[in-house]
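Before any comments, here is the structure.
The values are calculated or read from the model by the stated rules, or taken from the named source; none is laboratory data. Since the structure is predicted, the reported quantities are computational estimates derived from the model, not experimental observations. Note that each Cβ is placed from the backbone with ideal geometry, even for glycine, and that neighbours are counted across all protein chains shown.
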Amino acid sequence: MRAGRQRVSSAEVVIAVLVVIALLPASAPVIAPLAFALLAIALLWPVQHGMQAFLPKYVALLATLTVVMIALLAFAWIFSWSFGRVGGWMISNASRFQQHYDEVRQWLEEQGIDVDVLWANNVGTASVVRMVQTVTTRLNSTFSFWLVALTYLLLGVMEVEGFANRLKTMPYPVARQLLLDGSRQTAEKLRRYMRIRTIMSIVTGLVVWGFTSAFGLPLAKEWGAIAFVLNYIPFIGPLVATLLPTAFALIQFDNWQSALTLFLGLNLIQFTLGSYIEPRVSGNALSLSPVVVLFSVFAWGYLWGIFGAFIGVPISIALVTFCRNHPSSRWVSELLGRDSEDDHGDDSG
């Protein structure tokens, strides 16, 4: 009888998990900004708490939000400036793209592929309208995301101390300890993770800038800025930051040997920094195996788009950390995390 009840309970858990996963894409407009706001609260609370020592609470809150807005605007400016400069170069050199297009078209027609037919079947007024609708929808969703996330952030920072006090007075000792320890350890890990990720992104951007400049590739500063921005998305970001300048070099230098050399050099930089130096700098800050990191980027990116790819790894860090703090779920952290980890270290970050 007990085994039967255990089987039913396991089935219910599996069903509940599947239902939650199925609802995640539909909940993105609400849950994704909340997850981003929780990440921002974990990063900013030490700043807010330190300011409250010598400033009134709401003045410190205003200063903290100002720091957030400046950081977000700076990040957005770097993103738009770098990609805008690359896009401007492509527009001003449209004739070169036309030349390469004609060469590819001629080669395809020699292979028996009619490009005009493919173009007529796949590109037309309807496809242009769909593209405009998609861009408009993405812009609206992006604006809504930031509006909701900043609202969550504002209310959340104001409630951190009250939430901690309510946790300490909970009448359920197991749940109280799980939430207190899990929240503290998760915040510490996220602060350390983002600090290391930012340092390594800056280093990656500078090295890519220097390499592309020495290689003679135009827009070297822009490629360094793109590498800096995209490095916040593990695996996928560095790959895109490598392929873009490689495709650019193929058009700029008109030979595949130079593009291949650039591609190999950029991959060597990304591999050295991302797979050799960063793990030794971060230690166990990530607390996830590389397979889980890659899966987190793909899975959360599929569920929540670009924002999911960005915050997917922090979400997985939080899940693994909370699972580690309870005996019944510790096997999840042992399965998904690294082999060794010190969960009791303090990081005032």
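So the values come out like this:
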| read-out | value |
| --- | --- |
| Among the candidates 271, 295, 248, residue that is out of contact with any helix residue (DSSP H, G or I) (no Cβ under 7 Å at 6 or more places or on another chain), under 24 Å from residue 188 (Cβ atoms) and either charged (D, E, K, R) or in a helix (DSSP H, G or I) (or both) | 295 |
| Residue check, residue 190 touching a Pro at 6+ places or on another chain (Cβ under 7 Å), of a type in the set (A, V, I, L, M) and assigned to a helix (DSSP H, G or I) | yes |
| Count of the range 61-100 residues which are within 19 Å of the chain's Cα centre (by Cα), farther than 22 Å from residue 221 by Cα and loosely packed, with under 15 Cβ neighbours inside 10 Å | 1 |
| Subset of the range 38-64 that is touching a Leu at 6+ places or on another chain (Cβ under 9 Å) and β-branched (Val, Ile, Thr) - its residue that is farthest from residue 187 (Cα to Cα) | 64 |
| Where a residue in the range 171-195 is among the β-branched types (Val, Ile, Thr) and its partner, wherever it lies, is in a helix (DSSP H, G or I), with Cβ under 6 Å and at least six apart | 186/318; 186/321 |
| Residues located in the range 71-97, provided they are β-branched (Val, Ile, Thr) and either modelled with pLDDT under 90 or closer than 19 Å to residue 143 by Cβ (or both) | 86, 91 |
| Number of the exception - residue 199 against (1) modelled with pLDDT of 90 or more; (2) more than 19 Å from residue 317 (Cβ to Cβ); (3) surrounded by fewer than 15 Cβ atoms within 10 Å (Cβ to Cβ) | (2) |
| Subset of the range 73-102 (residues that are within 30 Å of residue 149 (Cα to Cα) and without any contact (Cβ under 8 Å) to a residue 24 or more places away in the chain) | 73, 74, 76, 77, 80, 84, 87 |
| The one condition in (1) assigned to a helix (DSSP H, G or I); (2) surrounded by 10 or more Cβ atoms within 10 Å (Cβ to Cβ); (3) modelled with pLDDT under 80 that residue 36 fails to fulfil | (3) |
| Those residues of the range 169-196 which are at pLDDT below 85 and in contact with a Leu (Cβ under 7 Å, 6 or more places away or on another chain), in sequence order | 176, 179, 180 |
| Residue list for the range 171-196, restricted to those being more than 30 Å from residue 273 (Cα to Cα) and either within 19 Å of the chain's Cα centre (by Cα) or loosely packed, with under 14 Cβ neighbours inside 10 Å (or both) | 171, 172, 173, 174, 175 |
| Any hit, the range 131-140, residues being under 23 Å from the mean Cα position of the chain (by Cα) and modelled with pLDDT of 80 or more | no |
| Verdict on residue 212 being surrounded by fewer than 17 Cβ atoms within 10 Å (Cβ to Cβ) and out of contact with any Lys or Arg (no Cβ under 8 Å at 6 or more places or on another chain) | no |
